[in-house]
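All remarks here apply to the structure that follows.
The values are calculated or read from the model by the stated rules, or taken from the named source; none is laboratory data. Everything numeric here is computed off the predicted structure, so don't read it as measured data. Cβ placement follows ideal geometry from the backbone for every residue including glycine, while neighbour counts extend to all protein chains displayed. Ligands, DNA and RNA are stripped out before the accessible areas are found, and what is left, the full protein with its side chains, is counted by its heavy atoms. Shrake-Rupley method; radii C 1.70, N 1.55, O 1.52, S 1.80 Å.
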Amino acid sequence: MRVLSGMQPSGTLHIGNYLGALKQWVEAQSVDAFYCVVDLHALTLEIEPETLRSQSFDLIATFLAAGLDPDVCTIFLQSEVPYHAQMNWLLECVATYGELSRMTQFKEKSSRKTGYRVGLLTYPVLMAGDILLYETTEVPVGDDQRQHLELTRVLAERFNNRYGSTFVVPVGVQPKVAARVMDLQEPTRKMSKSLSSPLGSIYVTDSASAIDKKIKKAVTDTDNEVRYDWEHKPGISNLLDIYSSFSNEAPQVVAERYTRYGDLKSDLSALVIESLAPLRTRHHELMADPAELRAVVTNGAVKASEVAGSVYRRAAHAVGLI
Ligand code: TYM
């Protein structure tokens, strides 16, 4: 099994990113796991250069603080392995404009602004390259990446059919619960770094009092029955998903223990605070040691380049480059 996944350095992670992806990454780490900060992807939207740099370091610190071990898996910056940009071009010449313009995330993000960047349209191709460069079999991601994963598979198969067997065709892997953590204030919308209301997202480095406040104020319905039922009770079901992901229990089992929303919220608040406390402390320590973070990704880029280089050369040869 070969694992690869990536995250954008677009600000502090929320618990959706953590439960939907990072927590799974930690569980799946091995010598055959590659995790990257996809800094090239962050350029698809307006971002200050200094902000991009600092958020990239912050994200590496978060990876390590969450439990990724650079002696076990490979942690790197996408931009430091040049094969990602090179592979992107080969795959752009296999993808069609029609299939890219149909991507849901593109449609959402491009509709918010006139004059969006071409990179916003071609972004899923760069992502496909990230995955295909590592002969990846499994990609642990949240539910919102399913469509991009499907496109990756389509492009890999199309390339293999046209140029001969070159790429391993990967599958996306979602966690059983919390694959789509919803906004605490609007539980029919996913928790998101860019669109959430101030109380809608819990960030992994939030203080105990901020976490408590956000959970206590989370929107629920009025019938006051604790039941796991996404269709009729999205607010409570979201809280149960978060609970069950942190406690590794089934959400239905958690629901059975509670009759009142207030009790569920108090216990959930204590559980989230306790679960994230070590991450928060470790993140703080790591941010004070930029040389260590630099060393981790420098070393990671060397290891990643070995694998990515050989796959890139195979693909370049297949299409007819000398
Ligand atoms: P990004 O940076 O938006 O999100 C990082 C990871 O967090 C998951 N996620 C969620 N999971 C559950 N609930 C939520 N509310 C939630 N919000 C986000 C995402 O599914 C993702 O797993 N395109 C990717 C980055 C990427 C990538 C890759 C991923 C680039 N190349 C190669 C895998 C493999 C993205 O923008 O994720």
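A few notes on this one:
- Residue within region 100-108 that is buried (at least 16 other Cβ atoms within 10 Å of the Cβ) and more than 30 Å from Glu27 (Cβ to Cβ) present: yes
- Members of region 180-218 that are under 13 Å from Tyr18 (Cβ atoms) and not basic (Lys, Arg): Val181, Met191, Ser201, Ile202, Tyr203, Val204, Thr205, Asp206, Ile211
- The one condition in (1) small (Gly, Ala, Ser); (2) more than 9 Å from the ligand (Cβ to nearest atom); (3) buried (at least 23 other Cβ atoms within 10 Å of the Cβ) that Ser201 fails to fulfil: (2)
Conditions (1) in a loop (DSSP other than H, G, I, E, B); (2) modelled with pLDDT under 95; (3) under 16 Å from the mean Cα position of the chain (by Cα); (4) not charged (D, E, K, R), marked per residue:
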residue: Thr12; (1), (2), (3), (4): yes, yes, yes, yes
residue: Gly16; (1), (2), (3), (4): no, no, yes, yes
residue: Leu22; (1), (2), (3), (4): no, no, yes, yes
residue: Trp25; (1), (2), (3), (4): no, no, yes, yes
residue: Gln29; (1), (2), (3), (4): yes, no, yes, yes
residue: Gln55; (1), (2), (3), (4): no, no, yes, yes
residue: Asp58; (1), (2), (3), (4): no, no, yes, no
residue: Leu64; (1), (2), (3), (4): no, no, yes, yes
residue: Val72; (1), (2), (3), (4): yes, no, no, yes
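- In region 151-194, residue farthest from the ligand (Cβ to nearest atom) [restricted to those that are in a helix (DSSP H, G or I) and under 15 Å from Leu4 (Cα atoms)]: Arg153
- Scanning region 134-150 for residues that are assigned to a helix (DSSP H, G or I), in contact (Cβ under 8 Å) with a residue 24 or more places away in the chain and more than 8 Å from the ligand (Cβ to nearest atom) yields Arg146, Gln147.
- Selection within region 40-49 - more than 10 Å from the ligand (Cβ to nearest atom) and in a helix (DSSP H, G or I): Pro49
- A single member of Gly11, Gly20, Gly16 is surrounded by fewer than 20 Cβ atoms within 10 Å (Cβ to Cβ), of a type in the set (Gly, Ala, Ser) and within 11 Å of the ligand (Cβ to nearest atom), and it is Gly11.
- Filter result for Leu52 (away from the ligand (no atom under 12 Å from the Cβ) and within 21 Å of Thr281 (Cβ to Cβ)): no
- Of all residues making up region 214-234, the number that are in contact (Cβ under 8 Å) with a residue 24 or more places away in the chain and open to solvent by less than 10 Å² (accessible area, probe 1.4 Å): 2
- Among residues of region 63-114, those that are within 21 Å of Asp144 (Cα to Cα) and of a type in the set (Val, Ile, Thr), counted: 1
- Checked against (1) open to solvent by 30 Å² or more (accessible area, probe 1.4 Å); (2) closer than 29 Å to Cys36 by Cβ, Ile211 meets all criteria but (1).
- Residues in region 116-139 that are open to solvent by 20 Å² or more (accessible area, probe 1.4 Å) and farther than 22 Å from Lys193 by Cβ: Val118, Glu135, Thr137, Glu138.
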